[in-house]
Amino acid sequence: MGKPLRVLIVEDSEDDALLVLRELKRNGYDPTSERVETSEAMKTVLAKQMWDVVLSDYSMPHFSAPATLALLKETGLDLPFIVVSGTIGEETAVAMMKAGAHDYLMKGSLKRLVPAVERELREAEGRRERKRAEEALRESEKHYRRLIETAEEGIWIVDSENKTLFANRKMIQMVGYSIEEMKGRSFFEFTDDEDRTLPGSFMQSPSGDFKGQYDFTFRRKDGTDLWAILSATPISDEKGQYAGVLMMITDITERKKAEKQLNYLLDELERTRQQQLQIKDRFLSHVSHELRSPVAVIHQFVTLLLDGFAYDAAEQQHYLNTILRNVSQLRRMIDDLLESTRAERGELTMECKEVPIEELVREALNTFRGCAEAKGIHLSSALPDGLPHVYVDPIRVLQILGNLIDNGIKFTGEKGSLTVTARVFEQNPDYLCITVADTGCGIGHGDLSKIFERLYQAKNVPAEGRKGLGLGLHICKELVSRLKGEIWAESKPGQGSVFLFTLPIFSLSKIWPSLSSFDTPSTDAASLIVVEFFSSDRRLLTKSDEVVIHRAKNILEQLMIPGDVLLPQMGPTSHSDVFFIMARTDAKHADELVEEIRNALSKLNELENSGLSVTVSLRMLNVPRQGGGLWNRL
Amino acid sequence: LSKKVLIVDDDKDFVMGLNVRLKRSGYDTAIAVDGYTAIRVALDQHPDLVLLDLGLPAGDGFVVMKRMREHVSLIAVPVIIVTARDPYMHIDRAREAGVASFFQKPVDNDVLLRAIRKSMDRV
């Protein structure tokens, strides 16, 4: 079997073509061939299959070697092209070779055909090989360039003198310079890294021992710092000589900033923690100190009794009373401690309701009456008639009043007095202002701002005044603020002290939220009719107003179905500048009733004459019968 | 002749109890409830020993000791501290001030009486 060879013969003579084929077969080839003699035919066969070689006659009736060559080039195929002709001069041959033909043979001496074909096949193969290699190179370069330009790391290449040869897009972006501004400039112009973190300004050690990672700071064009991790690799030329450095640079500025921020926060946290510990230490030390005093007294008198040092019953009684007093004091301290801890945790519970302040003041004063009398201190209250009710947790208010009265008694000497007053707060008529004034030693200006602080105890006060943990006023402040009021003190040393606190006045709007929280559908639906009287200037009611209100009340009572009426604010003693009446009725009749009330009250000219206005409003409520308090109120 | 002990403490109950115990243990006593009075009483009564609280109105225990050293007649009078305060925070300063003993309340009566006796013997 001969070597296969695909031969495209451009020839008008069948015989000449056969001669050529015979010559190839004789030299060990097994050619497959096509013979064409026109441009169209050649195009067709070129498109049909791959060829190894083109052998072309020079001149043909419808075609020629130059045209064949031109056509071949047009197709872009790199095939060996050999002219086989009988009638061609040397000049023409040279012109053909210049145009790109690979060889030229005379039909008369085909001996050179096979060597020429073989040589050209080899060369064409070589050319193809080179082309493939070039393409591969181009492809790989493209690949690397893409890699470099899209890298999320900066890449910077410098020569052996540290001068910039290349910086990728990311690097340019990172430092803010253009590549033109960077090229040729020393790498070290882009940093003011005085420490020269890079060893021996790293190009001076061409041995390559600087290969590695460094923390490095660049200076951006806008003057800001660029924190980076830089990994450097030395580059050598073909002779193995040091030629520069390739650096991969990762921007860690954000990370550094975050680290700084984190460190700052950690420091802050530690400082706060230390402060907290100190506060806790001081608190514990203080508490243990204060608790020891009554314990020491109890210890004293118990041992006196045990050792038989009390000679008679009266003395025994006296010792036991002293013990009891100190036990009570200990108990109060422990209560305060727990209360203050609850306050710190925001765990003070509040159950607000509408209460007359008079009752609370009376109760608080009664609690301390005995204690005050023992010291010869006169307790009194000055409460104007007709004070509006407050909306507070009565137990908490008693606690506040108790603390303030107790304090007042402690700091007031014999024959002194302590007075509790209440009035509508001038600066905010939605509040009552309650005052507890004593004729005691007063509070120094420096102490005045601190007395509500936790654990604060004024210095240079009577010993009795220091019997406590220093928590009382702090607890008062917490309680008052939970009741949405404010507390403060006014005093001059030697002239007594006044403690003032505000409490919110009760109005219907205060309980609307709790009323409307029963909005779940229920068969127990009821309508609430509210009648509110306002004095136009929110002043306290005068006696003449009272008469008018009383008449209005009678009208209302006549209109309501008996048993459905609740007149919580109409008692003879609890006058308020805002009166209201709530009536429970079924939904069907509610609208009619509202209209009736409006009509009836509009006839009451005295209302307008006395400066009162009245509003009648209707609310639908779903009131569970088992709901307890609220149902009972309605 | 009985030895005299000056008790300086602003807790009247404590002073009263200690006073009874010292008297029944054979001592004469004098009492002061603040720092200022302490010096006056000491100069007036010539105590053989002072039981001194640290937290006092009108000059705390350290002030009292300093002022005692300013009076020739009081320089040699031994001082025993009896206080509710934390000894760790005050004992160094108290030692520098030359106190004979330091007790934190409540103090065991026998221990206190022994310390009183010892301090006076030393003088």
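Coordinate-derived values only; no laboratory data. Given the structure is predicted, the values throughout are model-derived calculations rather than measurements. Cβ sites come from the backbone with ideal geometry, for glycine too, and all protein chains shown count toward neighbours.
The table for this structure:
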{"item": "Loop-located trypsin sites (Lys or Arg not before Pro) in region A:289-378 whose Cβ has at most 13 other Cβ within 10 Å (DSSP)", "result": "A:345"}
{"item": "Projected-area average for region A:319-367 over all orientations - Cα convex hull basis, square nanometres", "result": "4.9"}
{"item": "Residues residue A:374 and residue B:114, FRET efficiency given R0 of 41 Å [Cβ-Cβ distance, rounded to 0.05]", "result": "0.60"}
{"item": "For region A:288-332: rounded, prolate or oblate by the Cα gyration tensor [a/c cutoff 1.5]", "result": "oblate"}
{"item": "Taking A:441, A:433 and counting other C-beta atoms within 10 Å, the order from fewest to most", "result": "A:433, A:441"}
{"item": "Cα shape, region A:356-415, gyration tensor, a/c 1.5 rule", "result": "prolate"}
{"item": "Residue exposure sequence - A:87, B:29 - by fewest surrounding Cβ within 10 Å", "result": "A:87, B:29"}
{"item": "Residues with amide H under 5 Å from that of residue B:56, placed H, sequence gap 5 or more", "result": "B:61"}
{"item": "Residue order, fewest to most beta carbons within 10 Å, for A:295, A:20", "result": "A:295, A:20"}
{"item": "Gain upon complete extension [residue A:278, residue A:22; 0.36 nm per residue less C-alpha separation]", "result": "80.9 nm"}
{"item": "Virtual spin-label span in nm between residue B:96 and residue A:270, 7 Å along Cα→Cβ", "result": "3.0"}
{"item": "Cα gyration tensor, region A:238-391 - rounded (a/c under 1.5), prolate or oblate", "result": "oblate"}
{"item": "For chain B, built as a Gaussian network whose Cα springs stay under 10 Å, the top-fluctuating residue of B:101, B:25, B:73", "result": "B:25"}
{"item": "Cut-off under 5 Å, modelled amide H: who pairs with residue A:417 long-range", "result": "A:378, A:439"}
{"item": "In Å, descending, principal axis extents of the Cα set of chain B", "result": "31, 31, 28"}
{"item": "Nitroxide proxy distance, nm - points 7 Å out along Cα→Cβ at residue A:166 and residue A:119", "result": "4.2"}
{"item": "DSSP-loop chymotrypsin sites (Phe, Trp or Tyr not before Pro) across region A:288-392, with at most 14 other Cβ within 10 angstrom", "result": "A:311"}
{"item": "Proximal aspartates and glutamates relative to residue B:105, as straight alpha-carbon distance under 14 Å, when same-chain residues fewer than 8 apart are discounted", "result": "A:290, B:9, B:10, B:11, B:13, B:53, B:86"}
{"item": "Sites residue A:87 and residue A:146 - FRET efficiency at Förster radius 60 Å, r taken between beta-carbons, to 0.05", "result": "0.60"}
